[in-house]
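Engineer: Take a look at the following structure, please.
The values are calculated or read from the model by the stated rules, or taken from the named source; none is laboratory data. For clarity, every value in this text was computed on a predicted model and none was experimentally measured. Here Cβ is always computed from backbone atoms with ideal geometry, including for glycine, and neighbour counts include all displayed protein chains. Areas reflect the complete protein model, heavy atoms only, side chains present, ligands, DNA and RNA absent. Shrake-Rupley method; radii C 1.70, N 1.55, O 1.52, S 1.80 Å.
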Amino acid sequence: MMASVDIDYRKRFDDNPLSEVSATSFVLGGIFGFSAAISLTQQYKPIYLYAASVSLFHFLEYFMTSKFQPTKVTSDSFLLNNGLEYLLAHTLALLETFIELYFFPNFKKSGHYVKIIGLCLVIFGQILRTLAMATSGENFSHIIEHSKKSSHVLVTSGIYGYFRHPSYVGFFYWAVGTQMLLLNPVISMLFIVLLYKFFSGRIKYEESTLVTFFGPKYIAYRKKVPVGIPFL
C-alpha cells in the first residue's frame, strides 16, 4: 500500500513540477500586475488590458483546476500549450493591432463603445468560465471523457441552469471580447468563424457522450437549457 501511495505521489509531483508551476505563476502574475497598473497611465489602454486579461485567464485555468479538480491538475492546466492554432491566433491579433496602430492610429483610438463592449464581454466570459469550473467541481475536465466514471454526475444547478456549456460560452465571449477591445475587425471575424467551427464540432461530440452517460436525463435537460452560444 505504501509503495502504491509513493508511486501516485511521485506521478503527481512529476506532472506538477513546483519550479515550473511557481515560475509560470510568477510570470503570469507579473504580466497581469504590470499591464493592469500601466493601463491607468497610458493613453492607449487596450493592449495592456488585453495582456492583463490573457495572463489572468491562464492563471485561473490552473488555479481553478487545482482547487476543484486536484486529481486532474498538471502543469499543462495553465493551457499555455493550447495548440499551434491558439498561439497563431493571438500572434495575428497582436500583429493586426500594431499594424493598424502604426498606419491608422486615429482608427485605433476611436470606437470607444466597441472597446467598452469588448471589455464587458471579456469580464463576463471570464466570470462565466470560472463559475462553470467551480460549479462542476470534479466533473470538469479540459479533455472530453470517453467513459463514465462512478464519480460522474450530471450538473444542472447554478450556472448550468442557464447554459448547457457555460465554460465554452465563457471562452467564446472572452475571446471575441479581447478582439473587440483591441478594435481588430479582421481577427474578430476570424475568431468568430474559427470558434463557431471548433465549438460546434466539440459540443456535438460531447453531447453524444453525455447522452450515452445519462440517457433520458440529459435529453430532458438539453431540451430545457440552451447552449448559450447563438445558433449553436
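Engineer: If a residue must be open to solvent by less than 10 Å² (accessible area, probe 1.4 Å) and either in contact with a strand residue (DSSP E or B) (Cβ under 8 Å, 6 or more places away or on another chain) or under 15 Å from HIS90 (Cα atoms) (or both), how many such residues does region 53-64 contain? Explain how you work it out, then say what you get.
Structural biologist: Step one: of region 53-64, the residues open to solvent by less than 10 Å² (accessible area, probe 1.4 Å) are 55, 57-58, 61.
Among the residues that remain, those that are also either in contact with a strand residue (DSSP E or B) (Cβ under 8 Å, 6 or more places away or on another chain) or under 15 Å from HIS90 (Cα atoms) (or both) are: 55, 57-58.
The total comes to 3.
Engineer: If you don't mind, there's one more thing I want to ask. Assuming GLU96 fulfils every condition listed in (1) closer than 26 Å to ALA37 by Cβ; (2) in contact with an Asp or Glu (Cβ under 7 Å, 6 or more places away or on another chain) apart from one, which condition is it?
Structural biologist: Only one criterion is unmet by GLU96, namely (2).
Engineer: Here is a further query. Does any residue in region 1-28 that is at pLDDT below 85 come within less than 9 Å, Cβ to Cβ, of a residue that is in a helix (DSSP H, G or I) and open to solvent by 70 Å² or more (accessible area, probe 1.4 Å) six or more places away or on a different chain, and which pairs are these?
Structural biologist: If the second residue must be in a helix (DSSP H, G or I) and open to solvent by 70 Å² or more (accessible area, probe 1.4 Å), the pairs left are ASP15/ASP76.
Engineer: Looking at this structure, is TYR50 touching a residue at least 24 places away in the same chain (Cβ under 8 Å), assigned to a loop (DSSP other than H, G, I, E, B) and either closer than 21 Å to ASN184 by Cβ or among the polar types (S, T, N, Q) (or both)? Let's see the steps before the verdict.
Structural biologist: Working: touching a residue at least 24 places away in the same chain (Cβ under 8 Å): yes; assigned to a loop (DSSP other than H, G, I, E, B): no; either closer than 21 Å to ASN184 by Cβ or among the polar types (S, T, N, Q) (or both): yes.
No: the conditions fail for TYR50.
Engineer: Are any of the residues in region 67-80 more than 30 Å from LYS108 (Cβ to Cβ), outside any helix (DSSP H, G or I), free of Cβ contacts under 8 Å to residues at least 12 places away in the same chain and open to solvent by 60 Å² or more (accessible area, probe 1.4 Å)?
Structural biologist: Looking for residues that are more than 30 Å from LYS108 (Cβ to Cβ), outside any helix (DSSP H, G or I), free of Cβ contacts under 8 Å to residues at least 12 places away in the same chain and open to solvent by 60 Å² or more (accessible area, probe 1.4 Å), one finds none in region 67-80, hence no.
Engineer: With the requirement that a residue be surrounded by fewer than 17 Cβ atoms within 10 Å (Cβ to Cβ) and within 21 Å of the chain's Cα centre (by Cα), what does region 91-120 give you?
Structural biologist: Within region 91-120, THR91, LEU92, LEU94, ILE116, ILE117, CYS120 meet the criteria.
Engineer: Of all residues in region 83-98, which are modelled with pLDDT under 95, among the small types (Gly, Ala, Ser) and in contact with a helix residue (DSSP H, G or I) (Cβ under 8 Å, 6 or more places away or on another chain)?
Structural biologist: ALA89
Engineer: Let me ask another. So, PHE57, is that one part of a helix (DSSP H, G or I) and more than 18 Å from ALA175 (Cβ to Cβ) or not?
Structural biologist: Working: part of a helix (DSSP H, G or I): yes; more than 18 Å from ALA175 (Cβ to Cβ): no.
No, not satisfied.
Engineer: Within region 121-144, is there a residue that is open to solvent by 60 Å² or more (accessible area, probe 1.4 Å), hydrophobic (A, V, I, L, M, F, W, C), closer than 30 Å to TYR44 by Cβ and outside any helix (DSSP H, G or I)? Steps first, please.
Structural biologist: Just the residues of region 121-144 that are open to solvent by 60 Å² or more (accessible area, probe 1.4 Å), to begin with: 123-124, 127, 131, 138, 143.
If we keep only those that are hydrophobic (A, V, I, L, M, F, W, C) too, we end up with 123-124, 127, 131, 143.
Next cut, closer than 30 Å to TYR44 by Cβ only: 123-124, 127.
Filter again for outside any helix (DSSP H, G or I), leaving none.
Checked against the condition, which is being open to solvent by 60 Å² or more (accessible area, probe 1.4 Å), hydrophobic (A, V, I, L, M, F, W, C), closer than 30 Å to TYR44 by Cβ and outside any helix (DSSP H, G or I), region 121-144 yields no hits at all.
Engineer: Within region 153-172, restricting attention to residues that are hydrophobic (A, V, I, L, M, F, W, C) and farther than 14 Å from GLU206 by Cα, which residue is surrounded by the fewest Cβ atoms within 10 Å (Cβ to Cβ)?
Structural biologist: Initial filter on region 153-172 (hydrophobic (A, V, I, L, M, F, W, C)): 153-155, 159, 163, 169, 171-172.
Still in the running and farther than 14 Å from GLU206 by Cα: 153, 155, 159, 163, 169, 171-172.
Details: VAL153: 12, VAL155: 17, ILE159: 22, PHE163: 19, VAL169: 24, PHE171: 23, PHE172: 26.
By that ranking, first place goes to VAL153.
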